[in-house]
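One structure below.
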Amino acid sequence: MGKIALVTGVTGQDGSYLSELLMDKGYTVHGLVRRSSSFNTDRIDHLYEDPQEPERKLFLHHADLADGVGLVKLLRAIQPDEIYNLSAQSHVRVSFDTPLYTGDITGLGALRLLEAARAAELDTRFYQASSSEMFGSTPPPQNEETPFHPRSPYGCAKVYAYWSAVNVREAYGLYAVNGILFNHESPRRGETFVTRKISRAVARIQAGLQEGLYLGNLDAARDWGYAPEYVEAMWRMLQADAPDDYVVATGETHTVRDFCEAAFRHADLDWMEHVRFDPRYTRPSEVDDLIGDATKIRRILGWKPEVGFTELVGIMVDADVRRLEDELSGRLVRIDR
Ligand code: NAP
Ligand code: GDD
């Protein structure tokens, strides 16, 4: 019998890659989907199986991190060996507009799920999607010993969730881990995060559909990796002999300006002719510089990134160019890896 996993945030960037990885490894995956008035399963539609299929490996359930009782009922029914908590209001800029909602879902939501696992009396392993945003203004390089100084309601909520996972581990012996992931991107990245906003705009500008691109702070520096590699790190953390917390990063940093230059250059365009400043995209308090030191996970779990910055930019721009071509020609838009 293969293992059973529950993936919250299954409709998001990481949830879709993680589901693919787990299904390839023979898991049965249960995904938590929140109710939406429009379809929100684009990223996992290619994994969807007919409910009549007897050998199904993917099951979707309506639930919400706001609804603690629903989580207990779901966990009792599924009895997962592993829980990956990827659900969050994950947009940092939006968290300044919706700080209480972000605290409720991104922070308290993680504790609701942990408490639901305890209430359901499961012998399970728990992965919490922690974030480099927790380091905030603490200077780089950042590793597992670096103090947190979050700079956004999102960062504060993630710190709460981080310590909630550590606390259930220490208090009740639950196998709970934090993956402190630095930014990771892909063709499935949400369209309003800066990398995807840029790669999408490059495709549209190249096709003559758009002239300019409005961005905020170009000086911010991020340690950008490739999402499919990062979900492998999540899985490895839950296979270890003992629960522990790990930084996952490339160890390289680039500014938003660098990303613009590289993405426009990839399409033979000059970013300076197209990129303009709009203060609406700046944040009341910013995280200036993130560089992760992932020595620990490399040493203990043997994980290391392969895709570098220039390759990542190329993957994203090429995917958006292809996607736009599909859209314009009326072809079915395929999901990109
Ligand atoms: P994402 O694409 O924004 O996906 C977030 C997921 O959470 C979506 O499936 C979303 O559902 C779901 N969600 C939102 N509110 C919910 C609620 N109230 N109840 C249940 N589900 C809810 O994020 P991602 O990039 O895949 O990141 C996955 C996790 O890692 C997040 O927790 C994020 O904060 C964290 N993280 C991400 C990065 C990164 O660079 N990507 C780095 C560090 C940590 P809908 O599809 O319906 O919106
Ligand atoms: N989104 C966005 N839009 N960001 C912009 C823009 C813009 O138009 N212009 C400049 N930026 C800058 C932001 O100010 C920030 O410094 C940087 O680009 C990256 O922004 P995002 O791509 O929105 O990502 P993030 O770093 O704030 O947060 C992401 O990474 C975290 C890990 O460090 C999210 O995925 C979080 O969920 C994740 O935890």
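Here are some notes:
- Scanning the range 136-158 for residues being more than 12 Å from ligand 1 (Cβ to nearest atom) and in contact (Cβ under 8 Å) with a residue 40 or more places away in the chain gives a total of 11.
- Within the range 78-95, the set of residues being open to solvent by less than 60 Å² (accessible area, probe 1.4 Å) and assigned to a loop (DSSP other than H, G, I, E, B) comprises Pro80, Leu86, Ser87, Ala88, Gln89, Ser90, His91.
- The C-beta contact set for the range 57-75 (first residue assigned to a strand (DSSP E or B), second residue of a type in the set (A, V, I, L, M, F, W, C) and surrounded by fewer than 20 Cβ atoms within 10 Å (Cβ to Cβ), distance under 7 angstrom, 6+ apart or interchain) comprises Leu58/Met23; Leu58/Leu47; Leu60/Val33; His61/Val33; His62/Val33.
- Residues that are open to solvent by less than 10 Å² (accessible area, probe 1.4 Å) and more than 9 Å from ligand 2 (Cβ to nearest atom) were ranked within the range 121-137; the one that is nearest to the chain's Cα centre (by Cα) is Gln128.
- Selection status of His266, under 21 Å from Glu191 (Cβ atoms), over 18 Å from the mean Cα position of the chain (by Cα) and either at pLDDT below 95 or open to solvent by 30 Å² or more (accessible area, probe 1.4 Å) (or both): yes
- The set of residues in the range 242-263 that are touching a Ser or Thr at 6+ places or on another chain (Cβ under 9 Å) and either of a type in the set (Phe, Trp, Tyr) or exposed (fewer than 14 other Cβ atoms within 10 Å of the Cβ) (or both) contains only Phe259.
- Hits in the range 17-53 - residues which are open to solvent by 50 Å² or more (accessible area, probe 1.4 Å) and within 16 Å of ligand 2 (Cβ to nearest atom): Arg43
- Top-ranked residue of the range 196-212 - restricted to ones that are hydrophobic (A, V, I, L, M, F, W, C) and in a helix (DSSP H, G or I), ranked as surrounded by the most Cβ atoms within 10 Å (Cβ to Cβ): Val202
- In the range 165-186, the residues that are open to solvent by 10 Å² or more (accessible area, probe 1.4 Å), more than 30 Å from Ala263 (Cα to Cα) and out of contact with any Lys or Arg (no Cβ under 8 Å at 6 or more places or on another chain): Asn167, Arg169, Glu170, Ala171, Gly173
- Of all residues in the range 286-299, those that are open to solvent by less than 40 Å² (accessible area, probe 1.4 Å) have Cβ atoms under 7 Å from Cβ atoms of residues that are part of a helix (DSSP H, G or I) and aliphatic (A, V, I, L, M), 6 or more apart or on another chain, in Ile297/Ala233.
- Residues satisfying the stated conditions in the range 24-48, i.e. in contact with a strand residue (DSSP E or B) (Cβ under 6 Å, 6 or more places away or on another chain) and either of a type outside the set (Ser, Thr, Tyr) or outside any loop (DSSP other than H, G, I, E, B) (or both): Thr28, Val29, His30, Gly31, Leu32, Val33, Arg35, Leu47
- Residues of the range 1-23 satisfying the condition of being among the polar types (S, T, N, Q) and not in a helix (DSSP H, G or I): Thr8, Thr11
- Among residues of the range 114-135 that are among the β-branched types (Val, Ile, Thr), those with a Cβ under 8 angstrom from a residue that is within 15 Å of ligand 1 (Cβ to nearest atom) and in a strand (DSSP E or B), sequence gap 6+ or separate chain, pair up as Thr124/Ile83.
- Extreme residue, nearest to the chain's Cα centre (by Cα), among residues of the range 1-13 that are open to solvent by 30 Å² or more (accessible area, probe 1.4 Å) and closer than 20 Å to Leu114 by Cα: Ile4
- Exclusive hit being within 15 Å of ligand 1 (Cβ to nearest atom) and open to solvent by 60 Å² or more (accessible area, probe 1.4 Å), set Leu100, Leu111, Leu75: Leu100
- Checked against the criterion of being surrounded by fewer than 18 Cβ atoms within 10 Å (Cβ to Cβ) and either more than 15 Å from ligand 2 (Cβ to nearest atom) or not in a loop (DSSP other than H, G, I, E, B) (or both), the range 187-195 has no qualifying residue.
- Residue in the range 35-52 that is out of contact with any Asp or Glu (no Cβ under 8 Å at 6 or more places or on another chain), within 14 Å of ligand 1 (Cβ to nearest atom), closer than 18 Å to Met237 by Cα and at pLDDT 95 or above present: no
The values are calculated or read from the model by the stated rules, or taken from the named source; none is laboratory data. Since we're looking at a predicted model, the values are computed, not measured. For neighbour counting, all protein chains shown are included, and Cβ atoms are generated from backbone atoms with ideal geometry for every residue, glycine included. In case anyone asks, the SASA skips ligands and DNA or RNA and just uses the protein heavy atoms, side chains included. Shrake-Rupley method; radii C 1.70, N 1.55, O 1.52, S 1.80 Å.
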